[in-house]
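These notes are about the structure you will find just below.
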Amino acid sequence: MVGQNRYISDAVIRRLPRYYRYLGELLNSGVTRVSSGELSERMGSTASQIRQDFNHFGGFGQQGYGYNVELLYKEIGAILGMDHAHDVIIIGAGHIGKALVNYPNFVKRGFNITAIFDKDPRLIGTQVSELTVLSVDDLDEYLQAHPADIAVLAIPKLQAKEMAERLCSLGIQGIWNFASTDLEFDTDTCVVENVHLTDSLLRLSYRLNNR
């Protein structure tokens, strides 16, 4: 495992979930060993890049022998925090919030959505899958009784910063932000991952326009 004070670049961190996903596919296919070259063909990367990435965390492989797929999958999963479950709440019961509640792979990955909140009286009390939409007015009381690790923000951007600060003060450690604004915190107690769905679509548009 990497030391807590060792810097790992964002580029490496962004590649880790892809390694985890591809290794999971190999594991499900019954593959027991894989070389960096074979993995690079699936990743669209280079074998050298893969070895460099893995060396940040201790290597995992053996020269000329490749990687044990199951062991590497577990090791990268542990680095990503997949060796323990995370309780998640969602703020915002609109289209994005509802879609996330109904996405089955979160539970498979250990992300347990325990509650969804909104401030709209028309939505409070309605059902989203097996969850009842709760009022944001009850957020403090809920988190005192049911602590969560992660909060998802699926609310308008003008409300996002204030809500994020409130969530961090209530003990939330990570925020997955779908509001169309970048949030940043100068604290190690609460980290933010900003998600911009339109950015991905614009990148696709660029690639179509520049083929």
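The values are calculated or read from the model by the stated rules, or taken from the named source; none is laboratory data. Worth saying up front: this structure is predicted, and the values here are computed from it rather than measured. SASA here: full protein model, heavy atoms, side chains in, ligands and nucleic acids out. Shrake-Rupley method; radii C 1.70, N 1.55, O 1.52, S 1.80 Å.
The table for this structure:
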read-out	value
For segment 149-160, Karplus couplings with θ = phi - 60° (6.51, -1.76, 1.60), whole Hz, Gly/Pro x	8, 10, 10, 9, 9, 10, 10, x, 5, 5, 9, 5
Counting DSSP beta bridges with both ends in segment 62-171, the antiparallel % (nearest 5)	20
Contour excess over end-to-end distance, with Cα ends at T32 and S45 and 0.36 nm allotted per residue	2.6 nm
D_trans [Stokes-Einstein, Kirkwood Rh over alpha-carbon pairs] for segment 105-211, 10 °C, 1.306 mPa s, µm² s⁻¹	103
Cα-Cα P(r), the chain, percent of pairs per 10 Å interval	7, 28, 30, 24, 10, 1, 0
Under-5 Å amide H pairs with V152, H placed in peptide plane, nonlocal only	I89, I90, I91, W176
Ellipticity estimate at 222 nm from DSSP helix runs (n ≥ 4, -39,500 (n - 2.57)) divided over the chain, nearest 500	-12500 deg cm²/dmol
Solvent exposure, largest accessible area first (probe 1.4 Å, DNA, RNA and ligands not counted), of V12, V191	V191, V12
Within the accessible area of the chain (1.4 Å probe), percent carbon and sulfur	49
Inverse mean reciprocal Cα-Cα distance (Kirkwood Rh) of segment 86-161, Å	12.5
Percent antiparallel among DSSP beta bridges (both partners in the chain, rounded to 5)	20
Whichever lysines have a C-alpha closer than 29 Å to that of K98, once near sequence neighbours (fewer than 8 apart) are set aside	K108, K119, K157, K161
